[in-house]
Structure formats: C-alpha cells, structure tokens
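The values are calculated or read from the model by the stated rules, or taken from the named source; none is laboratory data. Just so it is clear, the model here is predicted, and its values are computed rather than measured. As a convention, Cβ positions derive from the backbone with ideal geometry for all residues, glycine included, and neighbour counts pool all protein chains shown.
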C-alpha cells in the first residue's frame, strides 16, 4: 500500500535537498556520512531527475524564481516542499515494481500535480526501516514560475497564478491522496483507501521513538552478548505499539464486546472506556487513557464492533476453506517432454520433475483446504469463483467508467466557467474577428464544453466542488472494493491453475496406460 507524506523546509540553502537525496546521511542526526578522506559518501543506488528547471540546477532555478518574484527572503518563509510516496514492500516481488518504474511513476505524478514548479524527483530502493519499500522523493520550489490551468481542488487564484507560492492545504492533500491511490491502482500495485484514515496511525514522533529505542536496545544487547549474558528482547516496541498488539491479540478471538473487554482486562490489564461514542484504552500504570484516534482506525468503536460481528459470524458458519488466508502461489505444470524436445538437458529435466511434484503437492493441499473430493465438486467450485471474479470485475470497471465520466464532466465544466467571459466579450468587441483570432483556444474550449453539455442533455451547470467530492467518493469506494477484487481474482486463478494441473496429470496417466496396453498387444501378436 502506497502512502504519501508532506514536509516543508525553511532552509535557505537550496542545494541541501539534492545533497540529502544523493549522499548518505545519519538517519538520527541528519549529518552526512564521510569516507576515509573526509568526503561525503554517495548513496549506493538512486535515480534522480529534475523538472521545469530550464537547464539550470534545482537550486539555481529556485533562486532565480525567488529573485524574479521577490519571494522567500525572510528566514520564516517556506522555501521548498517535499512529498514522499512510499510503496508497499510486497510490490517489488508480487507486482514487479523496480526503481526505474517507481521513478517513472514519480515523474508522472510530479508533472500532473506540481506543474509550474522547479522540481527534483528522486527514487530510493529502501527506507529507514530496511523493509525494502521503494519510495520516491518529490521536492518542489515553493514559487510557481508560470500560470497553470485551474483544477477543481484549487481554492484561490494564488493556487494557479504565476509568481505565487505553493499551498499544501487540506484540499490539496486530499487530492494528492486520491491521485496516489489512482496511480497505484493503474500500475497494478497494492493500495488501500487513504481518504478514510489508516488502520494504524503512527506519527513521525512515534516512528522515531521506535527507531531510537531499537538502537538503544541493540546497543544493550551487544554489551550483554559480549559479557555472556542472555538476551531476552530483540525488538523494541513503543507503548502504543504494545497496546496495538495486545488489542489485536484479543480482537482475533473475541465474539462480543463483553468478551473483548473482559479478556483485555484479564490478559493484559487494559480497561476499555467509551466516551462520546469513541473507545479509549487505559493500560496499567497510566492515569490517562489512550484514545482510539491516536492508535488508528482499526481500534475505533465502529471497526472493533465490525470485527467482533465478523468473528461471531465466522464461528457460526465455520468455513473450512478459510483456514488459510495466505496459501502458497501455485504454478502450472511444466510439459517436460516438450521442453526436452526443444533442446533442454538432463539437468533441466531433473529440476522440472521436482518443480512439478511441488506444484502437485500444493494443488492437492488446495483441494483439501476447499474440501473438494471429486472432479464435479472441483468444476463447480471453479465456476463459482469465476462468477465471483466476474462480478467483482464488473463492479471495478463500472466504478472506473464513472470516475472517467466524472473527470470528463469536470474538465468541460471547468473549461466552460473559465472561458465563458470570452464568449460574452466577443459580442461587444469592436472587431469580433480579431478578438476571435486572439482567443481562438479559449473560445474553442468553451464551444466544446457547450457542445458536450448539449449532447449529454445537461441543462444546469454542475458544481465543480460537488463533482470533486463525487469523484473522491467513487475513488474511495473503488479502493475499498479493489482488495476484494484482487482476492477474488487470486482465488479463481489459484484453483483454476490447480484444476489444470490435475487434468494434466490425469491425461498423462491415461496416455501412459494406453502406451503400455499398446505394447502388450504388440507382444501378443509376436
């Protein structure tokens, strides 16, 4: 799941962002790491491009913009903004995300959302946590060097006019979250709904508290190991992280609110409180409870009650096939004879036989998990999963078409509003022909919008704000349904692959039996 984060900087040294992105720094102090000669050490792997810098470096482009428009001379002025898009660590293995692809996505995102600003786009293969999450830094100069087309999420003229400063408003952040979700979904990457909160709300303060605590723990463990003492703990957890883990451990097995509260108190000494429709959790040794909002949406009253209801329903139905939510991926069997005929050797044959045995074992395990005992049951189950996938695919396509239609309507509505004045002025112009020639592009956009409204039988101009809200709602709905769609597709492809493996095995055995019987008949004739 990709996330987007924003920070701003008042540092007057405009070379600092590029220096940080290209050289290694101490993650705790922010100071550059030096080699044996006292020179800064380059990062081992990164990709960096600049946009709208006019052939200059990023620092020079920002400096020229500041001087041209008389901006950013005060120490309190924001000189640069940084947006970081962090991709899911699983995307590299599961969805083929590479550093080059991430850089291309970052460039596309920057061009579409920060036009008119000098920018650096830099991709790194990993973050501070060492989880392998490829991420993209987008650093923009705060001053806009050209006027850009107005977009529905822009609130004031300063959001699109030349010489004005970038504003990271709530509307802008919401728009960027929507664009991040769309970017990942179009690229086939893992993504969650960024508009309706996060399951775990980890602040910058908590993140660095965990990092510093882990560093201290690792140092203490090294001293203990050197002195021969036993090591009891290797992973440091903040107070909130421990609380989240303890709540989740109870939430996976409780089926009612009473059972949930009782088990939390009995097993971990945590008291569940409710105030103004919200849950909070009081741990032992604290006088003030920690609210669910500080922990994340997964611990809110609504989510807890929903999970408890699902647990109760799951306990009633006792679905045998849902015992393993993350089965191993199954691949098609290799046609070994065809590969040998194509020139493969004995080593490949040995490897392929082992590979096929593993895939057959996974296929049989999958049949057991789904409680399938005959080919008829298997066929019925595959058809059922195919129908579920088709239904989910139709819903996703319908939402995508509605989002596309909303974008087109928004584009025409914006063009109509922006260029209506030119259509009115042409009537009162002293020389209409010259006026039309001077404003041909604006009048063409206005006429195209009017023709679109007429073709769609739209008699009342829609509200741009309402269209933006509707689009956000549709994208949010798509994001919430997208994971269900992926799971439906995965389940269908998995079982259909296992079915093909079974059929291939049965057909091969039939051919072998026919060949053996043919050989016996030949012997009888002799």
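The table below lists the values:
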item	result
Matching helices (runs of 4 or more DSSP H) fully within the range 185-300 where at least 2 residues are in contact with a strand residue (DSSP E or B) (Cβ under 7 Å, 6 or more places away or on another chain) and free of Cβ contacts under 8 Å to residues at least 12 places away in the same chain	257-268
Residue among 465, 489 that alone is in contact (Cβ under 8 Å) with a residue 40 or more places away in the chain, assigned to a helix (DSSP H, G or I) and exposed (fewer than 13 other Cβ atoms within 10 Å of the Cβ)	465
Wholly enclosed helices (runs of 4 or more DSSP H) of the range 1-99 bearing at least 3 residues crowded, with 16+ Cβ neighbours inside 10 Å	16-22, 58-69
Among the residues listed as 195, 183, the single one being modelled with pLDDT of 85 or more and either surrounded by 13 or more Cβ atoms within 10 Å (Cβ to Cβ) or assigned by TED's automatic domain parsing to the domain that holds residue 113 (or both)	183
Whichever residue in the range 442-452 is surrounded by 18 or more Cβ atoms within 10 Å (Cβ to Cβ) and within 36 Å of the chain's Cα centre (by Cα) and, among such residues, is nearest to residue 410 (Cα to Cα)	449
Candidates 374, 363 - the one that is within 26 Å of residue 501 (Cα to Cα) and without any contact (Cβ under 8 Å) to a residue 40 or more places away in the chain	374
Pick from the range 1-42, criterion farther than 27 Å from residue 73 by Cβ and touching a helix residue (DSSP H, G or I) at 6+ places or on another chain (Cβ under 6 Å), ranking: modelled with the lowest pLDDT	2
